[in-house]
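Worksheet: the structure to be examined is printed underneath.
The values are calculated or read from the model by the stated rules, or taken from the named source; none is laboratory data. Bear in mind that the values here come from a model prediction, so they are computed numbers and not experimental data. Note that we place each Cβ from the backbone using ideal geometry, even for glycine, and neighbour counts take in every protein chain shown.
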């Protein structure tokens, strides 16, 4: 469903991705690992359509459609979702309001009827139970005053509501204590389905104990230098990243 | 930040054409341009004013002639030729003033309809009395009976001069003296009409009071005078909203608003200002040099100013509170948006005189295009104001990289037991915030509106409900794409 071919990306004068090739099928979970600065976050940001990067070569297609041609909101409506590493605060904008606006934009695009306030509320209350978020969340501003753990849970809650086909998780485990990590992982696991693909970027193997990937890739200096199954992640944990580059 | 396509999109979003641009063709009874004592005498004569008012005007005029235009604000103002302005313009009088809406010029009513200001029906449904200022003379006043039953006087300034001269003589110029500043002095000399409110002791005004200001005849300066008096233990909420037709020349607007609260009284004064801001090249637009000030004269009284300023080419405006009464409270909540070449220098003055006086200032400035937005505020605490407290928050939001935001907070604290807090932030409408919304499937236009409205939320919640909705719409319109 997602095919990345020889993707090369720069930001300003700096070359960050040097020819990424990756194919993701529906139902699969891919983990992208690698040291800091290897280009992991850039990859998912580019897939979600963030400004400030120039694609100098290569292509990305989602269900045969050129993803790079689409504006970020069009990508979201086509089923791409990015769970941010650092979810931004938007003061004064209600959490639920933002999410409802997003869901309805996506539903409209799919030709589904928009949800009214009551329908939306009952939907989100279900999903909040899953993410163990209390009712006060409904009245708060977008990520306003949220703890690190709350922000990450909020990202997965949004994913649960928007039901993407391709979910990109950017360092979703960073800054989480073990309890919060369990909640987040439980949420992600409940969203695994034969129709949905998940690409998660992480620095640590720890996350993979809770969300088991089908494929693991090691990114170094903007290239995938090694691919394997979850055993690769364990080996990385034991031996570090250096040997993958040497190999 | 070499090239940022999001800036270009933002530019398109904020590039919104002014919707209320049209000129109504009503024969005006206009005095030729120019200003001297004879013109002032003529205005006073046309309005059949008592002598004290004429003398007051003449004193103001003599003082004005000794004054110079202020140039301390962060504004670039093209020279104004005060002799080129016509100082009186009234819709041509039929034999008598209209007694009901049926007698009002249908064209005038049409104008209001175009503006979405349905004087006759929707106003009644909304429970709002409308004292409509068209050019300089009030032509229609509604709800008088219901207000009269409560003892509330709500009428045009001219009517008040005729029917309640003692109140005018007692209170006019006691908060903003005729010597106060260049524009207030000019206004005092030449004002033609405005609104007057008196709420008697212990009365809670049974409805929100609303005035829609319009500027219409070409080259006619507008010099309104508003005076609101809340007697002991009374309460009134006053709404002021305005739009103006599109034109090329700059138009001077120098109003004066005076509020007075006696003991335990409260005035809530809300403004949505949407005058013609000039076109996208900075041509035309209203010059708004207005003096607004309230005095909490009695103990435990309260004055709240809430303003949403999206219009005018130049805004020079500092709604202020003089907190004379012990335990009195002054509040200022402001959203000011400047787009294209608009300039705003706005803020407030809180003068603490009484003991335990409190003031709150919340200012939200939004700059887009080449807009320049300044907050200028003074918190002055006199030695008598023991335990006075002030909290000030000024936030600026920048859209694009050619606009500017400036903050000039002045503090003068002469009382050791006072406490003054000031918080200020400046942020760009974040690429991060925008991208976050987009990545949830929300369109760019909706995302910008959402972020801007969120930014203004703490001010909007101070507005009366129907006004809050209007303010949100206005902001959306001001930032909306020209298409649609």
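At a glance:
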read-out	value
Conditions (1) in a loop (DSSP other than H, G, I, E, B); (2) surrounded by fewer than 16 Cβ atoms within 10 Å (Cβ to Cβ); number of the one not met by residue A:189	(1)
Lone unmet requirement of (1) over 25 Å from residue A:80 (Cβ atoms); (2) within 14 Å of chain B (Cβ to nearest Cβ) for residue A:169	(1)
Filter result for residue B:399 (touching a helix residue (DSSP H, G or I) at 6+ places or on another chain (Cβ under 6 Å) and either more than 14 Å from chain A (Cβ to nearest Cβ) or touching a residue at least 24 places away in the same chain (Cβ under 8 Å) (or both))	yes
Wholly enclosed strands (runs of 3 or more DSSP E) of segment B:223-288 bearing at least 3 residues at pLDDT 85 or above and within 28 Å of residue B:469 (Cβ to Cβ)	B:224-230, B:235-243, B:256-261, B:266-274
Residue in segment B:173-204 that is nearest to residue B:34 (Cα to Cα), counting only those that are part of a loop (DSSP other than H, G, I, E, B) and in contact with a helix residue (DSSP H, G or I) (Cβ under 7 Å, 6 or more places away or on another chain)	B:192
All positions within segment B:39-73 that are outside any helix (DSSP H, G or I), within 25 Å of the chain's Cα centre (by Cα) and crowded, with 16+ Cβ neighbours inside 10 Å	B:47, B:73
Residue check, residue A:33 in contact with a strand residue (DSSP E or B) (Cβ under 7 Å, 6 or more places away or on another chain), modelled with pLDDT under 95, over 20 Å from residue B:442 (Cα atoms) and surrounded by fewer than 21 Cβ atoms within 10 Å (Cβ to Cβ)	no
Wholly enclosed strands (runs of 3 or more DSSP E) of segment A:15-114 bearing at least 2 residues within 13 Å of chain B (Cβ to nearest Cβ) and touching a helix residue (DSSP H, G or I) at 6+ places or on another chain (Cβ under 9 Å)	A:80-83, A:90-94
Per-region count, segment B:427-441, residues more than 7 Å from chain A (Cβ to nearest Cβ) and at pLDDT 90 or above	1
Within segment B:330-363, tally of residues that are more than 26 Å from residue B:283 (Cβ to Cβ) and either part of a loop (DSSP other than H, G, I, E, B) or under 16 Å from the mean Cα position of the chain (by Cα) (or both)	13
Given (1) in contact with a helix residue (DSSP H, G or I) (Cβ under 7 Å, 6 or more places away or on another chain); (2) closer than 30 Å to residue A:57 by Cβ, index of the condition residue A:180 fails	(2)
Segment B:375-402, subset surrounded by fewer than 24 Cβ atoms within 10 Å (Cβ to Cβ) and closer than 18 Å to residue B:76 by Cα, residue farthest from the chain's Cα centre (by Cα)	B:402
Candidates B:412, B:423, filtered to the one that is surrounded by fewer than 24 Cβ atoms within 10 Å (Cβ to Cβ), assigned to a strand (DSSP E or B) and within 14 Å of another protein chain (Cβ to nearest Cβ)	B:423
Check on residue A:184, without any contact (Cβ under 8 Å) to a residue 60 or more places away in the chain, more than 14 Å from chain B (Cβ to nearest Cβ) and within 12 Å of the chain's Cα centre (by Cα)	no
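Condition check ((1) within 25 Å of residue A:21 (Cβ to Cβ); (2) touching a residue at least 40 places away in the same chain (Cβ under 8 Å)) across all residues:
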residue	(1), (2)
A:161	no, yes
A:172	yes, yes
A:175	no, no
A:234	yes, no
